[in-house]
Each structure stands twice: as structure tokens, then as C-alpha cells.
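The values are calculated or read from the model by the stated rules, or taken from the named source; none is laboratory data. As the structure is a prediction and not an experimental result, all values here were calculated from the model. Ideal geometry is used to build each Cβ from the backbone, glycine not excepted, and the neighbour counts take in all protein chains shown. All accessible areas refer to the heavy atoms of the entire protein, side chains included, with ligands and DNA or RNA removed. Shrake-Rupley method; radii C 1.70, N 1.55, O 1.52, S 1.80 Å.
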Amino acid sequence: QVPEIAIVLGYAFLLSIIFFVVDLRAFWRREQFFFVAAAREVVLATIAIYVDSVATYMVAVTNEHRRENIQLQDNVQHLLQVVFAQNRNLEALFLKLPEMVAAEAIFHAAALAVVVAAWGGQERVSVFAVLARAAKTMRCCRLLRVACYVSTVMPSQSMDCFVNRYDETYSLREHFREAVSHWRVGGGCNDLIYSGHGVVLSLVALIYVDHARDSGVRAALPQWFWWRVGHAALRIVYARMHMSVDLVVSLAVTSLTWHLSSLPSWEVSAAAPLPLHKPNGACTTDAERPPLAADFSVVPGVLSATGRAAVQRWIAITIATALAGFGLLVVNSNEAGPISEYNTERLHRIALAGESTGKRREMRLFCAMLHIE
């Protein structure tokens, strides 16, 4: 995959464009009418992803066959193995090509947004409107994914996954405490139908299909993006991180949800309608006011008092959600396994067989397995 340092440098380059090229005041004057919708959908999508994280953990630890290695037949993976067994050079090329991961896909979406803001694409598309649509699609896909893998538990295709990632000594209550107090990425120990990774990749590809031309980039870019999504899906199946059906359903559901979603309306108070101003200074009548934000060359003048209050409120909510989300990711984020810091502390609380403390003895067996490849 693309090195993380390259993505970090890419973000630094995008920040330099934002500060030195983008007219931030003009950007905000146009985009403020879609900020509330974007912030609301981003917050709801974040909550949905957190629910997905908790559900992934709890499904893994409550699976009745979590200690068994049940291998399902995946014909796509079998076909790849047969083809690569006959041509090792093709396999080497397949594995050498950088696999697109979620971090890289999100960077490409951010790059498209910066290009639109910096070089006049806002007259054809709104960055915050597209963000709201994408976040709504992500929320719906994540919640539907939770409903799918909670209703039918599929076995993990990774050998000895549970014993290497989860603590056998935890009670159900301790497992739940771990699930809700830490935000984990990377999936669990079940075949999660459908793939959340596939949702992110296909969603960014759909954004490029619909809005790459609005930003002035080459029309061939969306096709290149879909080619990389297909390659990443095959890499995921080949590594047995997902079954091929997970990727097929992921691409289909994301595409359908994206096309069923619509861009948000202008956030202008109906109690105080304002004239709309075109770039040439001419005004439109209320009858010409677009019901949806389809004509981005028409811009309302100013936000109403209600709109300004809503913007301030959702700025605070978005910041609070970001702090809570990053806090769950950063603080003690590696406590899923048997050699976590939490388990290290628990070792000191395990009463020895011959110890007499005057209190009820807590006899618990702790076993840590470390596999080094």
C-alpha cells in the first residue's frame, strides 16, 4: 500500500493550498448554507461507525464457534490461487501493485474537495453538500452492515483469530466494558458481511464519478479509481480478510445508497426569505428559488439569525464529537489482546493459591499467547 508518510506529506500539501490559494472568506460565504447539513450527517455517521465498532467486538466474543477454524469455500479466492499457481510472475505483479486502503481513499476525497475550493469548482458543486451526501451514505451503509452481521454470524476466515485478538478470561461484562470504552479499527473475528472497507473505497469512487468533472480534472480519473477499487477488493479476498460476497454486496449496497441519497437544500430560513444573487449581480425572484441545491451558481445573500445560531450549535457538536472519537481511538487503544496494559494490571490482582488476604480469593487463570512470524 502507499506509505503512510506519503499520505501525511500529501495532507501537508493540501493544507498549504488551503492557506495560500483558497479564498477562505469566499469559500465560507458560499458553503455556510450547507454547513449544518454536513455537520449533522458527519456526526450521525461517526456515531454509526462507533456502533459498528461495538457490535463487531460483541459479535466476536459471543460467537458460539469462536474457537473453531471453519473455512468456507470462496470460489474467487480459489480462482486466484489457481491462476497464480500457474504464473508466479503475475502473482508478484498483483502483490506489488499498491493496494488502496481507506486512508488513501479518504485522502483522495479530501484532495478533490481542495481542488474544487481552490480552482472555482464551487460554481458547479458544493463541498459541504457533497460531504453531507457522502456522510449520509456512510451512515446508512454502516447501520445496515451491523444489521447484517448481527443477524447472521459468519465464521472468521483467519486462522486462530479469536485466541490471538481477544482475552479468554474476560467475563461478558468486561467484554462489553472494553467494547464501549475503546474504538477499534480493523474488524473483529468474524466474516463481517458486508465489508466496511469496501464501503469506503466504493463511496470515494462514486464521489469521483459524479463530481470529478465539476472540479476540472480528467474524465479518465474515475475509471482509474474504480480499477484500483477492484484491485483492492481482490487483494482483500486473496488475503482472506473478507469473503468475496462481502465485497460484492458492499459495492452494490454503497452504490444504491449513494444514488438514493440527494444533495441537501439551502439552509435559508423560510420565515425570512432572502433574495438569491447570481455571480453577475442579478437577483432572482422567490419563484426561481431552487428547491434543492442543484444550481450552485445561485447563492443566497446571508444566513438568517436562525441559520447562524444553527451553524454555531453544530460547530460545537462537531468539535465535541471529534474530541470524543479521537479520544476513544488514542487512549488505551490497544486493549483487545491478552497482553494489553489492562491485563498486565490484572495480573497483579490475581490471588495466589496459597495467599491468605482475609478477603474472598479471586482464582482466575490468565494465559497470554504471543505468535511471532
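Applying the selection to segment 189-199, what residues are open to solvent by 30 Å² or more (accessible area, probe 1.4 Å) and in contact with a Phe, Trp or Tyr (Cβ under 8 Å, 6 or more places away or on another chain)?
I193, the sole residue that qualifies.
Would you be able to tell me the number of residues in segment 63-105 that are more than 28 Å from N164 (Cα to Cα) and surrounded by 16 or more Cβ atoms within 10 Å (Cβ to Cβ)?
Of the residues in that region, 4 qualify.
With open to solvent by 30 Å² or more (accessible area, probe 1.4 Å) and either assigned to a helix (DSSP H, G or I) or under 17 Å from V51 (Cα atoms) (or both) as the only criterion, which of R228, R145, R177 stands out?
R177
For segment 157-188, give me the residue count where each residue is more than 25 Å from F326 (Cβ to Cβ) and in contact with a Phe, Trp or Tyr (Cβ under 7 Å, 6 or more places away or on another chain).
1
Please list, ordered by first then second residue, the pairs with beta carbon atoms under 8 Å, 6 or more apart or interchain, first in segment 307-328 and open to solvent by less than 60 Å² (accessible area, probe 1.4 Å), second aromatic (F, W, Y) and assigned to a helix (DSSP H, G or I).
So the pair list comes out as G307/F33; V311/F35; W314/F35; G325/Y50; L328/Y50.
Only residues that are open to solvent by less than 60 Å² (accessible area, probe 1.4 Å), among the hydroxyl-bearing types (S, T, Y) and touching a residue at least 24 places away in the same chain (Cβ under 8 Å): list them for segment 1-49, please. Spell out the reasoning first.
Here is the first cut: in segment 1-49, the residues open to solvent by less than 60 Å² (accessible area, probe 1.4 Å) are 2, 6-7, 10, 12, 14, 16-18, 22, 26-27, 30-39, 41-43, 45-46, 48-49.
When the remaining residues are screened for being among the hydroxyl-bearing types (S, T, Y), the result is 16, 46.
Residue satisfying the conditions is T46 alone.
Taking only pairs six or more apart or across chains, which ones have beta-carbon atoms under 6 Å, a first residue in segment 225-237 that is touching a residue at least 60 places away in the same chain (Cβ under 8 Å), and a second residue that is open to solvent by less than 10 Å² (accessible area, probe 1.4 Å) and not in a helix (DSSP H, G or I)?
R228/M100; A232/M100
May I ask you to verify whether V130 is out of contact with any Gly (no Cβ under 8 Å at 6 or more places or on another chain), closer than 30 Å to I18 by Cβ, of a type in the set (A, V, I, L, M) and surrounded by 13 or more Cβ atoms within 10 Å (Cβ to Cβ)?
Numbers: out of contact with any Gly (no Cβ under 8 Å at 6 or more places or on another chain): yes; closer than 30 Å to I18 by Cβ: yes; of a type in the set (A, V, I, L, M): yes; surrounded by 13 or more Cβ atoms within 10 Å (Cβ to Cβ): yes.
Yes, satisfied.
Just to verify a result, which residue in segment 111-127, among those that are in contact with a helix residue (DSSP H, G or I) (Cβ under 8 Å, 6 or more places away or on another chain) and in a loop (DSSP other than H, G, I, E, B), is most open to solvent (accessible area, probe 1.4 Å)?
W119
Please enumerate the residues belonging to segment 233-250 that are out of contact with any Leu (no Cβ under 7 Å at 6 or more places or on another chain), open to solvent by less than 40 Å² (accessible area, probe 1.4 Å) and among the aliphatic types (A, V, I, L, M).
L247
Tally time: how many residues in segment 148-174 are hydroxyl-bearing (S, T, Y) and part of a helix (DSSP H, G or I)?
Just the residues of segment 148-174 that are hydroxyl-bearing (S, T, Y), to begin with: 149, 151-152, 156, 158, 166, 169-171.
Going one step further and asking which of them are part of a helix (DSSP H, G or I), we end up with 149, 151.
Adding up the residues that qualify gives 2.
Residues V185, V130, V199: which one is out of contact with any strand residue (DSSP E or B) (no Cβ under 8 Å at 6 or more places or on another chain), of a type in the set (A, V, I, L, M) and farther than 30 Å from H78 by Cβ?
Residue meeting the stated conditions: V130.
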